[in-house]
Structure formats: C-alpha cells, structure tokens
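The structure appears right after this line, and notes come after that.
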Amino acid sequence: MNEPAVKLERVSVRYRVPHERIPSLKEYAIRWVRRRLRYADFWALHDIDLEVGRGEVFGILGANGAGKSTLLKVVARVLRPTSGRVRVWGRVAPLLELGAGFDFELSGRENIFLNGTILGFTKADVASRLDRIVEFADLREFIDAPLRTYSSGMVARLGFAIATDVEPEVLIVDEILAVGDAGFQKKSAERIRAFRENGTTILLVTHDAAALKAMCSRVMWLKRGEVEAVGPVDEVLARYQA
Amino acid sequence: MSEAGSLQAATYDSAARRAPLVRELVEVVRYRDLLGLLISNITKSRYKRSALGVVWTLLNPLLNMAVLTFAFSHMFRFSLVHYPVYVLSGLILWNFFTQTTTYAMSTLVWGGGLLKRIYLPRSIFAVASIGNGLVNLLLSLIPLLAIILIVGHPVHLTWWFVPLAVLLLAMFSLGVALLMSALAVFFADVVEMYAVFVQVWFFLTPVMYPKEMLPARFVWYLNLNPVYNLLELFRVPIYNGTIPGPHTIIAAVASAVVSLLLGWWAFASKADELAYRV
Ligand SMILES: Nc1ncnc2c1ncn2[C@@H]1O[C@H](COP(=O)(O)OP(=O)(O)O)[C@@H](O)[C@H]1O
Ligand SMILES: [Mg+2]
C-alpha cells in the first residue's frame, strides 16, 4: 500500500450520558458532594484500527447506530477520540451535514461566505470562487434571496457546491449522495468521480451497494462499534448482505 | 503496512496534545474571516432586532447616564465635577465587561450545535463576542465625547493611554468569557447565576459613585476587585487627565493575564467535550 492519508490506531469513542438529566450547577455540586453522579457510558467505537492509503476510495457499511458517522467525525476532527490516535494527511472536506452554520435569514450569497469561512477558507478565497459555486449549484436567479425561501434540495445543492468547490486531499461523505434532483445527483457524482481520478482519498458511508461497488476498492463493515469485516468490496458486501 | 507517510508530519494528529493558548490563537487567526463575519452578524442582528438600530447603541448608555445623573449628581456635587463624564466613562467600561462575557455564553450555547457538526477553533465564539464589544465600545466613545464637549470637561492629552486600558480590559473579559462559557455549556443555570453575580459586583464597584463613598476599611478591598483596577485605568486618563499610578497598572496587567490564563485553562480542558455536549 502507498502512503497513508488517514490512519486510526485503537480508536475508541465513548458517549457519556448522565443517568438523570442534571441541568444545574447547584444540582451537580450537591450530587458530586454525595458522590452520586451516575453516567451511562456508551462506546460507539471500540479499538478501531484502519489505514486508508492516499488516493484510495474506502467504503464503510453498517446498520443504523453502528458508529459510521462517529467514525467520520473522528476523522473530520469534530470529535477527539476518547482513546487511541487519529492522523490525517492533507486537507479534509467534510460532507457530513451539508451547509453547517447556514443562516436561513441571510441570502444565498451571504451564506456562501459564512459557510465557506466555516470550512476554513478566507473571504478572498470564497469571493474568487463565488461564481463557480453559484453556477454549480444552479442557483443564479435565487442567490440574493434569503435561504428560508429555498427548497431543501436547493439548500443541499448549495452546501454541496461550497464544500466541494476546491479539490480536497481527503473527502468524507456521509450518506449524502442523494442530494437534490436526478440531474444534480448525476452532477455531484461526476464531481466526486473527478476527485477520485485526480487522487483524492475518499471515505464513503452509504447504503447504496451499487455505489460502493462502482467506487470503492475496499470496504469496512462496522457492527456495534467494532470491525466485523474489512476487505475487497465484493467479499464484504456478500457477507453483509447474507 | 508502509510507514512512509509517517515521515511526513500529519496535518491532523489527535494525539498532539491540546492547543496551548498560542496555538489556539493561531487557529483563530487562521479563521479570521469567519471571526469578522460572526462579529458583523452579531452586530447586525442586534441592530435588526431593535427598530432604532445603531442609534440605540449610542443612546442606551446616554439614557443610563441621564438617569444616574438625575439621581446622584446632587449627592456627589462636591466630590465629582462633571458627574456625567465620570459615570458615562464608567458605564462604557462596565457594559463592555458584562455584555461580552454574557454574550460569549449565549453564542457558545448557540454555536455549540455547529461544533458538533464541523471543526472550528472552539474559542472563536468567545473571541467574536469580545470583537463585538470592541465595536460597541468604539461607538460609545462618540456620545462620551459629545457629553465631554457639552459639559465643558477638558479633553486631556492622557487619552493616548485609553487603548492600553481597553486592551487589558479585552484580555480580562476574554478570560472570564472563556471560563463562563465553558461552564454555561454544561449547566443551564450558570447564565442566570452569572447575571445575579454581576449585578452585585456592579454595586461593589465604584462605577457610579466615588470610591470615597465606601467606608474607609472597605477601600482597601477594592484592590482585590480586578474590574476596579481596569476601571481606573480607563477612567483616570479621561476624567482626571492623569496617567494611573504604577500600582493600578500592575494590578490591571496582573488581572488581565491571570484571568486569560485561568479562563483559557478551564476552557481548554473542557474543549474536547464541547462537541460531545450541547
Ligand atoms: N451525541 C451523542 N450522545 C450519545 N450517544 C450518541 C451520540 N451520537 C451518537 N450516539 C450513539 O452512538 C451510536 C453510533 O451513532 P452513529 O455514529 O451516528 O451511527 P451510524 O452513523 O452508524 O448510524 C448510536 O447508537 C447513537 O445512538
Ligand atoms: Mg450516520
């Protein structure tokens, strides 16, 4: 395998949910003194080891609640793992939830700047790419209207266009391939394919077996936070669907 | 498996220990354009909500000043000439402190939803509320200058000292903002408790009355009130036309640095949990 783009070593993630909701500092202090703080610990990921090579398209499969989104969040730097180590080489474009930070009172144009800077770009960067983004999202007539007047498909198109305008080194996709209408789906799939051909590393979560087969070299099957299987796409899919 | 890639430093390494203050500030600088947008959006939305818009920011301290002047200037007639200048400069400083710290708590509670979905420097909301406070402070210097001219208070050359006082004030407030906003994410009642606490603090600080009014044995305790030192640092050059004494300067610098370090430490040790919460 060539150089890694993403590497996870014994990564575990624990969500800690208090048994009872403790809404106040006063309450907390009282219970702490009495040593009566109880948590339900939930390990969403257990000791995950994973190495994805540069330029590889890697799929992740699993039932709802298996920990797929948690795994992607750990790679996207949103969550720091409770234990273990995550390393990423290169700029990450997270397609986790499109349009993070969109403000529905602001116009499409203002939201491009807001979302673009949230993704870590400078204003000048965004300004120079504004036309391309609007073009790709196909929202030219609506770009100065407030976002609340958009349909959900239009919002998703805008989010996708902003997040993928610059080719990233690592692309993280969480079940968002079905964005917008059929025409836009084709366009977005083409863009992702172009990234892949140019050597972008892709981590892909999807329930679409055909997409996995078409795109991925390897697939991991997650089951209750543990690796059930990992390997060539056909093998793992066959076991998963059995 | 090949280890070749490890020769090159990773762009992100979760095991690299938590950002020290400087590293986080570098991150905030990297996101400076987002910071600018957050500040202007806070400012805009605040002005949008009130029909009077920007006028309100200018008017609000003036109205407070008018009420306080009406109520107290008679009482402090002998000790404080040009009472409106005294009280308005005090209020400007006090408002900065309470507004920025309170606002930091509510924006983090709002922005926390965002931290769950995407990586951002966690302290950006606290820094944005300080930035917003600086904009407001700058604006409220306009009514202050107007009042100074109206009552005929001399404009002293010592105004050059004011930016330094504001810098220390901003550092101190950022420390408190970080500490309080980390707490506010975990406990809903912190916001209310803080509001009460700040109210009491206000009356213990000579913002609207001269410090000579306090019983003599309490005056010494003022040295322990960090906001008092910052207040002096800001108001003395404007009102008295002198540079504050070295004791005040040292105390103000110390409070600013200690607050920032403490707030930073509290925030950083909870920063990773923020995305798990909210
Ligand atoms: N913030 C959270 N607090 C507590 N539990 C969570 C949180 N987020 C996810 N979980 C739990 O962790 C498990 C894995 O979630 P997720 O990674 O979203 O799964 P998937 O994407 O595979 O459906 C689920 O059981 C979910 O209920
Ligand atoms: Mg999911």
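Miscellaneous remarks
- Residue count for region A:94-110, restricted to those that are under 19 Å from B:SER40 (Cα atoms), in contact (Cβ under 8 Å) with a residue 12 or more places away in the chain and within 9 Å of chain B (Cβ to nearest Cβ): 5.
- B:ALA252 fulfils the conditions (1) modelled with pLDDT of 90 or more; (2) surrounded by fewer than 16 Cβ atoms within 10 Å (Cβ to Cβ); (3) part of a helix (DSSP H, G or I) except for a single criterion, (2).
- Residues in region A:180-229 that are buried (at least 21 other Cβ atoms within 10 Å of the Cβ), under 15 Å from A:LEU96 (Cα atoms) and within 16 Å of ligand 2 (Cβ to nearest atom): A:LEU203, A:LEU204, A:VAL205.
- Residues in region B:157-169 that are surrounded by fewer than 22 Cβ atoms within 10 Å (Cβ to Cβ) and not β-branched (Val, Ile, Thr): B:LEU157, B:TRP159, B:TRP160, B:PHE161, B:PRO163, B:LEU164, B:LEU167.
- Put simply, of A:GLY84, A:GLY65 the only residue that is more than 30 Å from A:PHE113 (Cβ to Cβ), within 10 Å of another protein chain (Cβ to nearest Cβ) and out of contact with any helix residue (DSSP H, G or I) (no Cβ under 7 Å at 6 or more places or on another chain) is A:GLY84.
- Taken over region A:28-56, the criterion of being at the interface with chain B (Cβ under 10 Å from one of its Cβ atoms) and either at pLDDT below 75 or surrounded by 15 or more Cβ atoms within 10 Å (Cβ to Cβ) (or both) is satisfied by A:TYR28, A:GLU51, A:GLY53, A:ARG54.
- For the condition crowded, with 18+ Cβ neighbours inside 10 Å and not aromatic (Phe, Trp, Tyr), B:PRO154 does not qualify.
- Of the set (1) modelled with pLDDT of 90 or more; (2) away from ligand 2 (no atom under 16 Å from the Cβ), all apply to A:ILE172 but (2).
- Filter pass, A:ARG132 being free of Cβ contacts under 8 Å to residues at least 60 places away in the same chain and away from ligand 2 (no atom under 16 Å from the Cβ): yes
- When the residues of region A:111-125 are filtered to those that are more than 8 Å from chain B (Cβ to nearest Cβ) and touching a Phe, Trp or Tyr at 6+ places or on another chain (Cβ under 7 Å), the one that is farthest from B:ILE124 (Cα to Cα) is A:ASN111.
- Members of region A:185-242 that are within 14 Å of another protein chain (Cβ to nearest Cβ) and within 15 Å of ligand 1 (Cβ to nearest atom): A:LEU203
- Among (1) away from ligand 2 (no atom under 12 Å from the Cβ); (2) without any contact (Cβ under 8 Å) to a residue 40 or more places away in the chain; (3) buried (at least 21 other Cβ atoms within 10 Å of the Cβ) - the single one A:LYS73 does not satisfy: (1)
- Residues within region B:204-254 that are closer than 15 Å to B:TYR86 by Cα and among the basic types (Lys, Arg), tallied: 2
- Condition met for A:VAL86 (among the hydrophobic types (A, V, I, L, M, F, W, C), more than 16 Å from ligand 2 (Cβ to nearest atom) and more than 30 Å from A:GLU141 (Cβ to Cβ)): yes
- Search result, residues across region A:37-68 that are of a type in the set (Gly, Ala, Ser) and within 13 Å of ligand 2 (Cβ to nearest atom): A:ALA44, A:GLY62, A:ALA63, A:GLY65, A:ALA66, A:GLY67
- Of all residues in region A:38-84 being more than 9 Å from ligand 1 (Cβ to nearest atom) and among the basic types (Lys, Arg), the one that is nearest to A:GLU169 (Cα to Cα): A:ARG54
The values are calculated or read from the model by the stated rules, or taken from the named source; none is laboratory data. Note that this is a predicted model, so its numbers are computed, not measured. Don't worry about glycine lacking a Cβ; one is built from the backbone with ideal geometry, like all the others, and counts go over all protein chains shown.
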